[in-house]
Amino acid sequence: DTAAIQDSAVTSAKIADGTIVSGDVAADTFAAFGTVGNLLTAHQANAQGFGAYANCTVADNVTYATVTVTETGEAIFGAAVGTLKDGETGTLTFEMRIASGSATGAVAYLVGGTVIGAAGTLSSSWQTFRATSVSTGDKTDLTFYVSASAGAQVEVRKVGVWRGAGGQWALPGTPIPGQ
């Protein structure tokens, strides 16, 4: 009856853990509560639409981008992304692998003010790179640097930038699990 569900009758203590999941609630509801997911667009989260800044070309696939290095040295590519404001804690994450050729390492930075960066050595298996820090200055651009030989191909996917520390990658428009 209506008395059973009137104001204050249903509390979080009365709802079993896991009964309501993010898919049951509109994404804009989470924004209203300050729980913001991946700040990238769905297109950017799969590294699609990233631009080539130096020594490479970038080709979009369905779920990742392929970066082909045109000159031995440092290939640079990236995109303008959602902003972290000065003083906010932010997390940057991405997956990357060598598809062909020789690449020794990759670094990604969320730039503008002090850097949030993730670095590592590449292999032919998908690897997850992650970094969390407090922003000093507004950050607006995500830039990748890959050290590789000419002709090498590197693939990038599951790119994420979000407010807060920890959590697991999620598509834009949904909350970050584990935050």
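The values are calculated or read from the model by the stated rules, or taken from the named source; none is laboratory data. All values derive from a computational prediction rather than experimental measurement. Because the Cβ atoms are built from the backbone with ideal geometry, glycine has one as well, and the counts that use them run over all protein chains shown. To get the accessible areas, we keep the full protein, side chains included, count just its heavy atoms, and leave off ligands, DNA and RNA. Shrake-Rupley method; radii C 1.70, N 1.55, O 1.52, S 1.80 Å.
Of the listed requirements (1) out of contact with any Leu (no Cβ under 7 Å at 6 or more places or on another chain); (2) open to solvent by 30 Å² or more (accessible area, probe 1.4 Å); (3) closer than 18 Å to Val159 by Cβ, Ser102 misses just one: (3).
Each residue in region 124-146 was checked for being open to solvent by 50 Å² or more (accessible area, probe 1.4 Å), among the polar types (S, T, N, Q) and touching a residue at least 60 places away in the same chain (Cβ under 8 Å), and 1 pass. Counting only strands (runs of 3 or more DSSP E) that sit completely within region 65-179, those holding 1 or more residues that are under 18 Å from Leu40 (Cβ atoms) and either of a type in the set (D, E, K, R) or modelled with pLDDT of 85 or more (or both) correspond to 65-69, 73-84, 89-100, 103-111, 127-134, 139-148, 153-163.
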